[in-house]
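Here, each number is a calculation from the coordinates, and none is a lab measurement. Not measured: the values here are computed from a predicted model. All Cβ positions, even for glycine, are placed from backbone atoms using ideal geometry, and neighbour counts span all protein chains on display.
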Amino acid sequence: MFVTIKSEDGTSDTVRVYDPDGKPIPGIMSIDISARVNDFVRATIELSILEVSTMAEACFVGPGGKEIARIVYVDGSEDVYKEGWA
């Protein structure tokens with residue numbers, strides 16, 4: 001879901017988060033925004049709500065910062081975390 005983060009008067013006191021329909025999202029506890037040169041602007045939004053449904057891209061990282069593609073368990077079962085691994 002895309003959201004809009006907007007300050008009504010340019011201060012942190014009036015920052016609000018809006019859904020795609022322009023409605024304020026309730027339960028916002030905090031917002032942390034960071035930016036780096038030649039990278040995405042990142043916003044971390046902390047919510048105080050009981051239920052949420054979201055879709056996101058994630059990766060699993062193991063020791064030494066290596067990305068985990070799949071896990072094979074002692075019983076032979078597997079969890080696959082990256083497409084192309086069978």
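One table, with the values for the structure above:
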item	result
Residues that are basic (Lys, Arg) and under 20 Å from residue 56 (Cα atoms), drawn from region 1-43	42
Hits in region 1-25 (condition: exposed (fewer than 10 other Cβ atoms within 10 Å of the Cβ) and either in contact with a strand residue (DSSP E or B) (Cβ under 9 Å, 6 or more places away or on another chain) or assigned to a strand (DSSP E or B) (or both))	8, 12, 13, 20, 22
Among (1) of a type in the set (D, E, K, R); (2) under 14 Å from the mean Cα position of the chain (by Cα); (3) surrounded by 10 or more Cβ atoms within 10 Å (Cβ to Cβ) - the single one residue 32 does not satisfy	(3)
Selection within region 35-44 - within 13 Å of the chain's Cα centre (by Cα) and polar (S, T, N, Q)	44
